[in-house]
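Trainee: Here you go, one structure.
The values are calculated or read from the model by the stated rules, or taken from the named source; none is laboratory data. For clarity, every value in this text was computed on a predicted model and none was experimentally measured. Using ideal geometry, Cβ is built from the backbone for each residue, glycine included, and neighbour counts are taken over all protein chains shown.
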């Protein structure tokens, strides 16, 4: 079974530039998550999708971050414009569905450096 | 959502059991305890989860106290590859959200 795919793996941009990350979840997984992980901290949930609908985006800085999951499969996370404090690893995870027996599977992450 | 408290770091000798504690004193009756680990430069990896009873799988054992206010993850024979940050998470009972804390950094020493 193929895992969660993310690209790019690394990205360096200057502040005020825009950047986009892509995630392809495990086939058939209805739930998709984007997390932000700042160095030395645990992952912080940014947004959760169920199919192509948003379940929770309460911690997404909506003035600069946006995310979409068209057709309920792939997802993109965009930052526009980027700030220095956005430097982090952005993790995508997917889960088959609700209930207690469906674990989250994480991708390798995209490491963003904002200069 | 219930919060969890973990020690920031622990060491364990290779081949010995690693016992990682977690406090979750505000856990609700229908919330599960999950454990994930994150090896350097990788995404988190699921280990085990439980509600009330102790659980065991090929990776680890999970011991949950009777009052459910704390739990212990046990790696029975730690190897160098078990060096990682271990996260104890209490799963929200709505929306399937997972909230990670700062975890315990486990170092397995040769």
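Trainee: More than 13 Å from chain B (Cβ to nearest Cβ) and assigned to a strand (DSSP E or B): is that true of residue A:67 in this structure?
Mentor: On the way: more than 13 Å from chain B (Cβ to nearest Cβ): yes; assigned to a strand (DSSP E or B): yes.
It is true that residue A:67 is more than 13 Å from chain B (Cβ to nearest Cβ) and assigned to a strand (DSSP E or B).
Trainee: Could you identify the single residue in B:66, B:55 that is modelled with pLDDT of 90 or more and out of contact with any strand residue (DSSP E or B) (no Cβ under 6 Å at 6 or more places or on another chain)? Give the steps one after another, and end with the answer.
Mentor: Values: B:55 fails: out of contact with any strand residue (DSSP E or B) (no Cβ under 6 Å at 6 or more places or on another chain).
Of the residues listed, the single one that is modelled with pLDDT of 90 or more and out of contact with any strand residue (DSSP E or B) (no Cβ under 6 Å at 6 or more places or on another chain) is B:66.
Trainee: Right, something else. Pairs under 9 Å by beta carbon, first residue part of a loop (DSSP other than H, G, I, E, B) in region A:1-13, partner surrounded by fewer than 12 Cβ atoms within 10 Å (Cβ to Cβ), six or more apart or different chains?
Mentor: Partner pairs satisfying both residue conditions: A:1/A:27; A:2/A:27.
Trainee: In region B:1-31, how many are part of a loop (DSSP other than H, G, I, E, B) and surrounded by 18 or more Cβ atoms within 10 Å (Cβ to Cβ)?
Mentor: Restricting attention to region B:1-31, the residues satisfying the condition of being part of a loop (DSSP other than H, G, I, E, B) are B:1-4, B:6-8, B:14-17, B:24-31.
Checking the rest, the ones that are also surrounded by 18 or more Cβ atoms within 10 Å (Cβ to Cβ) come to B:2, B:4, B:6, B:24, B:27, B:31.
Qualifying residue count, region B:1-31: 6.
Trainee: Can you find a residue in region A:86-102 that is modelled with pLDDT of 95 or more, within 14 Å of chain B (Cβ to nearest Cβ), on the phi > 0 side of the Ramachandran plot and part of a loop (DSSP other than H, G, I, E, B)?
Mentor: No, there is no match, as no residue in region A:86-102 is modelled with pLDDT of 95 or more, within 14 Å of chain B (Cβ to nearest Cβ), on the phi > 0 side of the Ramachandran plot and part of a loop (DSSP other than H, G, I, E, B).
Trainee: Okay, next question. Looking only at region B:67-87, which residues are surrounded by fewer than 18 Cβ atoms within 10 Å (Cβ to Cβ) and part of a loop (DSSP other than H, G, I, E, B)?
Mentor: B:67, B:69, B:76, B:77, B:79
Trainee: Right, next: Hey, among B:48, B:64, which residue is closer than 28 Å to residue A:92 by Cβ, without any contact (Cβ under 8 Å) to a residue 40 or more places away in the chain, buried (at least 18 other Cβ atoms within 10 Å of the Cβ) and more than 9 Å from chain A (Cβ to nearest Cβ)?
Mentor: After applying the criteria, what remains is B:48.
Trainee: Something else about it: How many residues does region A:24-48 contain that are in contact (Cβ under 8 Å) with a residue 24 or more places away in the chain, buried (at least 19 other Cβ atoms within 10 Å of the Cβ) and in a strand (DSSP E or B)?
Mentor: Qualifying residue count, region A:24-48: 9.
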